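What follows is calculated from the coordinates using simple rules that are stated; it is not laboratory data. Computed from a prediction, not measured in an experiment: that's the story for all the values here. Here the Cβ positions follow ideal geometry from the backbone for every residue, glycine too, while neighbour counts run over all protein chains shown.
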Amino acid sequence: MSKILFTLMKNRFVFYFMMLSSTGFSQNQISLSGIISHDGRPISQILVVIDRLYKTQTDSLGNYTFSSLTTGNHQLAVNAPGYENIERTIRIANTPVVLDLKLQSNANTLNEIVVSGTLKSVRRMESPVPVEVYSPTFFKKNPVPNIFDALQNVNGVRPQLNCGVCNTGDIHINGLEGPYTAVLIDGMPIVSSLSTVYGLSGIPNSLVERIEIVKGPASSLYGSEAMGGLINIITKTPFTAPQLSAEFLMTSWLETNTDLGLKYHLGKIGDALIGVNYFRNSEVIDNDKDGFTDLSLQDRISIFHKVSFNRKNNRVFNIGLRGMYEDRWGGDIRWGKKYRGGDVIYGESIYTKRGEIFGNYQMPTYEKLMLSFSGNLHFQDSRYGTTAYLANQKVGFVQLTWDKKIKRHDLLSGFASRYTYYDDNTPATASGNRNHAKKTWLPGIFIQDEIGLGKKHLLLLGLRYDYNSIHGNILTPRLAHKYKINDNNILRLNAGTGFRVVNLFTEDHAALTGSREVVIQSALRPEKTINANLNYLNKMYVGNGTIVNLETSLFYTRFSNKIIADYTRDPNKIIYDNLDGYSISQGITANLDVNFRNGIKVIAGATYMDVYTVENGRRERQLLTEKFTGTWSVSYKIDAIKLSIDYTGNLYSPMKLPLLGALDPRSPDSPWYSLQNIQFTYHGFRDFELFTGVKNLLDFTPMKNNPFLIARSQDPFDKNVAYGANGQVLATPLNPFGLTFDTTYIYAPNQGIRGFLGLRYKLP
C-alpha cells in the first residue's frame, strides 16, 4: 500500500514539475510588440525599456518587440528626445500583447528642427542663432481661439491691446512694439502693415505645426519689420497632418470657437489639407457699468487650404491659400448697425476681408535653389464713431535662395522683392487736397555664410542690401557666433542692424479710435536700430531621470529716428514725429524647462527690461511697457484616471499709462497684476479629449483700480466739452476733470473670471 502511495505521489510530483516547467517555459515565450508613432507617422530609433533591464529600439517602420517576457506586471518606459516621456504599467498574461504607443510633442524641446534663425533646417542646439520653439502641446495648456492670445504665456512676448473698444492689438517682444516684430507664415511675410492688428486671428490652431520665435535682429534675412525679432508660424504639411482634427471651445461669456482640419489625397498629384476656423462672440457684456462693451463682438470665418505636390527626387512644392472675413464691433451697448458712422450712438465697426497665397518651389536643378512667393489682399471698411477708415492694401513678395555647402562654409544667398500698394482716406496718403495711393518697391539681395571653426565654434556673417523706392539705399549687416562649450552648454552672440519704413495708420489703430486729432509733425524718416543679443543655454541631467533646460539672454537695442506717438503734449491730439534723440530697450530674460520623472513638467520664464527714450537730455519711460514679466506653466498627468492638470499664468509689473491731463483721476501707472488659469483634460476616450477649466482665476480687470477706463463714455462725441481760447479743455460741472472722449487707457484684458469647456478629436 505504501508502495502504491509512493508511486502516486511520485507521479503527481512529476506532473506538477512538468506543469511548472511548461508554465515557466510559456512565460519566457510571451511577446510584447507594437508601433510607436507621432501624428500617424512611425518614429524610428526610439528607446523602449522594460523594468529598467530590457531595452530595444524601434526600426525604420516604428516597430518594437520584446520576444520573451514573464507573466505579471511590468514597467514600460519610453524616453524619446523631442517628445513627452511615456511610463505605464502593463500586464502580461498567457497570450502575446500588442501595444501601440502615440508620442506627444514635447513643448519647448532643444532637439526640434528649426528654420527661422538662418533660413535653413537645423536642430535647435546646432543653430548659431537662438530660436525658441513652441508646439501645439504648449498652447493646449491654456486653450484660446487665436494665436494672438496664445502668445500671452511666452516669456518676453506680450500681446498688447491698443484699443479699449475694438480690442485690436499687436505683439511686443522684449518691450518693442508690434511694428518691430516680423510675423511670418511658413517663412513668408504675410502678416504686415495693414494686417498687423488682425493677421494672427483666424489661423486654424489645428493646422499649426509649431511656432518659432527669434528675439533679436533678423533684418539681414527678413527685411524691414524684423528689427526686434520675428514670429514664424509653421503650418502642418499634408503629408504629416492627421486625417481629421477638430476642436470646439466655449466660454461662460458665450465666446465660441470651432476649428476643423481635414487631409485628403489627390492621387498621383499629392496631398491636400483644408482647415476652417469659425469664431463668434455675440454676447453684449458691460460688467464695469460704463455703458460700453467690455469685449468687442466678433463674427469671423477663416478658410485655409494647402497642397503638397509629389515630385521627382522628393523636391518641395507647396502652395497655401487663406481667406478671412470678420465683422467686429464694440462701443455703446445700445449700438446697432443703423447707427454705423453716425453721431447718435457711438460704435466702432470694422469689416475686414482678406485673401492670402503663399508657397515654395524647389527648382529642378542640380544646385539647391528655392523659389518662395506670397501675396495678400486686404480690404477694410471701418467706422470709429463718425471717423471713417477705408483702406485697401495689396502686397506681393518673391524670393529666390541658393543654398550651397563648400567645405567649412555653408552659404546662403538670395534675391527678394516686395511690392506694396496702399490706399486709404487718411493723411497717410494725402497730398495737398488729393488722395494718392502709395506704391512701394523694395528689392533686395542678401548673403549669409556659416563658417565652421573647428568643433566648438561656428561663425555666421550676413549682409543685406535693399532699395526702397521712396527712401533709397538700405544696408543691414549681421554677425552671430556660437561657442559650443560642451554638448550641454552653448554660448551664442547675435548682433546686427535693422530698419523700418513706417505705415502709420496701418499699424497704430489708436490713431483712429476716440476723438483725438492726429498730427504728423514732419515727414517721417525710416527708423534704424543697432541690436545685440547674448544667449547662454545649459542642459542638465539631474538624478532620477529629471531633465533641466536653462536659457538666459542679455539683449540691447538702440533706436535712431524712432517714431513716437506723443499723447501727453496735448490731450486732444496724438502727435507723431521722429524722436530728436535716441531710444533704448535693454534687459535680461531667462527660461527654465524642467521635466520630472514623476510626470510633473514645469516651464517658467522671467524678463527684466528697461525701455526708455532720451530727448533733449530728458529720459522718459516708454508708455505701456512693464519692467518685469513672469510666465509659468505647471503640468501633471495622472495616468490612473486619464487626467491632465495644467496651471498657467503670467505676472506684470507696473506700466506708465496715457492720461489726459492733470485732473485725470485715473492712475498714472498700472498695478502689479497677474492672469492665471487652470485646466483639466480627460484622455479616457478613444481619439477624443474633453477639457474644462477657469480663466483669470484672480478675477483681475484694470477697472478695479480706477474710477473708469474709457474717458467720457457718456459723451463720446464731446458734445458737452468746453474749450478755452487756446483750445484747452475746460473743467465744467458737466466735465469736472476736463477730459475728452478717449479709449487709449488700456493695458490688460477687461474680462474677469470665466469658465470654459471644450472637446478635441483627432483621427491619425
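Highest mean first, how do 374-386, 673-685 rank when packing is the count of other Cβ atoms within 10 Å averaged over residues?
374-386, 673-685
Mind giving me the nanometre distance, one decimal, between the label points for Leu254 and Thr71, set 7 Å out from Cα along Cα→Cβ?
According to this spin-label approximation, the distance is 6.1 nm.
Enter the angle in degrees (range 0 to 90, nearest 10) between the Cα long axis of helix 2-27 and the first principal axis of the Cα atoms of the chain, meaning the one along which they spread out most.
30
How high is the relative contact order of the range 113-233, in percent, with contacts defined as C-alpha pairs under 8 Å that are six or more residues apart?
The normalised contact order for the range 113-233 reaches 27 percent.
Quick check for me: using +1 on Lys/Arg Cβ and -1 on Asp/Glu Cβ, what's the dipole size of the chain about its Cα centre, in debye to the nearest 20?
The dipole of the chain has a size of about 2600 debye.
Excluding residues on the same chain fewer than 8 positions from Lys539, give the aspartates and glutamates whose Cα lies under 16 Å from its Cα.
Excluding near neighbours in sequence, the set is Glu112, Glu126, Glu132, Asp487, Glu551, Asp593.
When the Cα atoms of the chain are enclosed in a convex hull and the volume is divided per residue, what value in Å³ results?
Dividing the Cα hull volume of the chain by its residue count gives 196 Å³.
Select from His481, Thr552, His378 the residue farthest towards the positive end of the dipole of the chain; place +1 on Cβ of Lys and Arg, -1 on Cβ of Asp and Glu, and compute about the Cα centre.
The residue sitting farthest along the positive end of the dipole is His481.
Compare the Cα positions of Ser417, Thr692, Leu493 along the charge dipole of the chain (+1 at Cβ of Lys, Arg; -1 at Cβ of Asp, Glu; about the Cα centre) and return the one farthest towards the positive end.
It is Leu493, whose Cα lies furthest towards the positive end.
For the range 30-151, with only Lys/Arg (+1) and Asp/Glu (-1) charged at the beta-carbon, what is the dipole magnitude about the Cα centre, in debye rounded to 20?
Using Cβ point charges on Lys, Arg, Asp and Glu, the range 30-151 gives about 100 debye.
Given the -39500 (n - 2.57) contribution per DSSP H run of 4+ residues, what per-residue ellipticity at 222 nm results for the chain, rounded to the nearest 500 deg cm²/dmol?
Per the formula, -1500 deg cm²/dmol.
State the answer as a single residue: which of Gly454, Gln521, Thr65 lies farthest towards the positive end of the charge dipole of the chain, with beta carbon charges of +1 for Lys and Arg and -1 for Asp and Glu, about the Cα centre.
Thr65
Amide H neighbours of Ile563 under 5 Å, at least 5 residues apart or on other chains, H built in the peptide plane: list them.
Residues meeting the criterion, in which the H sits 1.01 Å from N, are Leu579.
Return the whole-Å distance between the Cα centroid of the range 272-287 and the Cα centroid of the range 629-649.
One Cα centre to the other: 26 Å.
Take the cross-link list Lys306/Lys601; Lys141/Lys762; Lys368/Lys394; Lys236/Lys528; Lys140/Lys695; Lys120/Lys353 and give me the ones stretching past 24 Å between alpha-carbons.
Lys306/Lys601; Lys368/Lys394; Lys236/Lys528; Lys120/Lys353
Test of understanding: extend the Cα→C-beta vector of Ala722 to 7 Å, then name every residue of the range 740-760 with backbone N under 16 Å from that spot.
It comes to 740, nothing else.
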